[in-house]
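Chemist: To start, I am sharing the structure in question, which I have written as structure tokens.
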Amino acid sequence: MTELVRCAWGDSTPDYAAYHDEEWGVPLRGQNELYERVSLEAFQSGLSWITILRKREAFRAAFAGFIPAKVAAFDATDVERLMADAGIVRNRAKINATIANARAIEELDVPLDDLLWSFAPTGPRVRPATMADVPAVTPESKAMAKELKRRRFSFVGPTTCYALMQATGMVDDHIATCWRAT
């Protein structure tokens, strides 16, 4: 049996292998799905992605399935409930940002899909040869962060936005030798 060649991070744990093989870099659409990813990428800031990945189901339960209209209605009691939930990352600033971002989504004049995907680069890109060739920030992620902040989103800096773009297939940063490279 031939072993799959993955991006180096995708071989470190079975959780990462499944995420790498099935989700990372796959084009993702849908308001709730993209809101979930924006939220999880914000929670990841300063932490390992594996921590967030392993808590994803608890995050989904805690944040009403990442349905923006439901989370936008969260109040101080919900914040305290979330702060007491050991199944998620208990960071008040990130919890408040997730609620504020749901409210920002409710105020959008364009669908969240259209807004986020409008920053996906067009035209040919050079596939990274190694993970060292993968940028942390791009002009597109800087522009996305600036626009999201203008629209009252928080915890959406350029690095977080680029991670979102990678995770949701807006960019394909699988390295050249990875079986997922297209």
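Chemist: Any chance you could count how many residues in the range 131-179 are small (G, A, S) and buried (at least 16 other Cβ atoms within 10 Å of the Cβ)? Let's see the steps before the verdict.
Modeler: Here is the first cut: in the range 131-179, the ones small (G, A, S) are 132, 136, 141, 143, 145, 154, 157, 163, 167, 169, 176.
Filter once more, so that each one left must be buried (at least 16 other Cβ atoms within 10 Å of the Cβ): 141, 145, 154, 157, 163, 167, 169.
Residues flagged as small (G, A, S) and buried (at least 16 other Cβ atoms within 10 Å of the Cβ) within the range 131-179 amount to 7.
Chemist: Looking only at the range 93-107, filter to residues that are among the charged types (D, E, K, R) and surrounded by 12 or more Cβ atoms within 10 Å (Cβ to Cβ); which one of those is nearest to K149 (Cα to Cα)?
Modeler: Step one: of the range 93-107, the residues among the charged types (D, E, K, R) are 94, 103, 106-107.
Then keep just the ones that are surrounded by 12 or more Cβ atoms within 10 Å (Cβ to Cβ); that gives 94, 103, 106.
Working: K94: 15, R103: 13, E106: 15 Å.
Only one residue fits best here, namely R103.
Chemist: Being in a helix (DSSP H, G or I), of a type outside the set (V, I, T) and farther than 17 Å from N32 by Cα is the requirement here; does A181 meet it?
Modeler: No, not satisfied.
Chemist: Which one of these does R90 not meet: (1) modelled with pLDDT of 95 or more; (2) under 20 Å from L28 (Cα atoms); (3) surrounded by fewer than 17 Cβ atoms within 10 Å (Cβ to Cβ)?
Modeler: Here R90 meets the rest and fails (2).
Chemist: Would it be correct to say that R54 is of a type in the set (K, R), closer than 28 Å to P139 by Cα and in contact with a helix residue (DSSP H, G or I) (Cβ under 9 Å, 6 or more places away or on another chain)? Spell out the reasoning first.
Modeler: Numbers: of a type in the set (K, R): yes; closer than 28 Å to P139 by Cα: no; in contact with a helix residue (DSSP H, G or I) (Cβ under 9 Å, 6 or more places away or on another chain): yes.
Judged against the criteria, R54 is not a match.
Chemist: Would you point out the residue of the range 100-148, among those that are modelled with pLDDT under 95 and hydroxyl-bearing (S, T, Y), that is farthest from P27 (Cα to Cα)?
Modeler: Going through the qualifying residues, I end up with T130.
Chemist: Would you tally the residues in the range 7-25 being of a type in the set (S, T, Y) and assigned to a helix (DSSP H, G or I)? Quick ask: steps written out before the conclusion?
Modeler: Kept after step one, since they are of a type in the set (S, T, Y), are these residues of the range 7-25: 12-13, 16, 19.
Right, trim to assigned to a helix (DSSP H, G or I) and you get 16, 19.
Looking only at that region, the number is 2.
Chemist: Name the residue, out of L4, L53, L40, L28, that is part of a loop (DSSP other than H, G, I, E, B) and within 16 Å of the chain's Cα centre (by Cα). Even if it seems obvious, please write down each step before you answer.
Modeler: Numbers: L4 fails: within 16 Å of the chain's Cα centre (by Cα); L53 fails: part of a loop (DSSP other than H, G, I, E, B); L40 fails: part of a loop (DSSP other than H, G, I, E, B).
After ruling out the rest, the residue left standing is L28.
Chemist: Just give me the residues in the range 68-78 being in contact with a helix residue (DSSP H, G or I) (Cβ under 7 Å, 6 or more places away or on another chain), exposed (fewer than 15 other Cβ atoms within 10 Å of the Cβ) and either without any contact (Cβ under 8 Å) to a residue 12 or more places away in the chain or not small (G, A, S) (or both), in sequence order. First the steps, then the outcome.
Modeler: First, the residues of the range 68-78 that are in contact with a helix residue (DSSP H, G or I) (Cβ under 7 Å, 6 or more places away or on another chain): 68-72, 74.
Going one step further and asking which of them are exposed (fewer than 15 other Cβ atoms within 10 Å of the Cβ), we end up with 69-70.
If the condition is that a residue be in contact with a helix residue (DSSP H, G or I) (Cβ under 7 Å, 6 or more places away or on another chain), exposed (fewer than 15 other Cβ atoms within 10 Å of the Cβ) and either without any contact (Cβ under 8 Å) to a residue 12 or more places away in the chain or not small (G, A, S) (or both), then K70 is the only one that fits.
Chemist: For L47, which of the numbered conditions (1) in a helix (DSSP H, G or I); (2) loosely packed, with under 14 Cβ neighbours inside 10 Å; (3) hydrophobic (A, V, I, L, M, F, W, C) fails to hold?
Modeler: (1)
Chemist: So if I check each of A120, A69, which one is among the hydrophobic types (A, V, I, L, M, F, W, C), in contact with a Gly (Cβ under 9 Å, 6 or more places away or on another chain) and farther than 14 Å from L148 by Cβ? Explain how you work it out, then say what you get.
Modeler: Working: A69 fails: in contact with a Gly (Cβ under 9 Å, 6 or more places away or on another chain).
Within the list A120, A69, the selection yields A120.
Chemist: Keeping to the range 125-178, report how many residues are more than 17 Å from the chain's Cα centre (by Cα), part of a helix (DSSP H, G or I) and free of Cβ contacts under 8 Å to residues at least 60 places away in the same chain.
Modeler: Qualifying residue count, the range 125-178: 4.
The values are calculated or read from the model by the stated rules, or taken from the named source; none is laboratory data. Please read these numbers as outputs of a predicted model, since none were measured by experiment. Neighbour counts run over all protein chains shown; Cβ positions are idealised from the backbone, glycine included.
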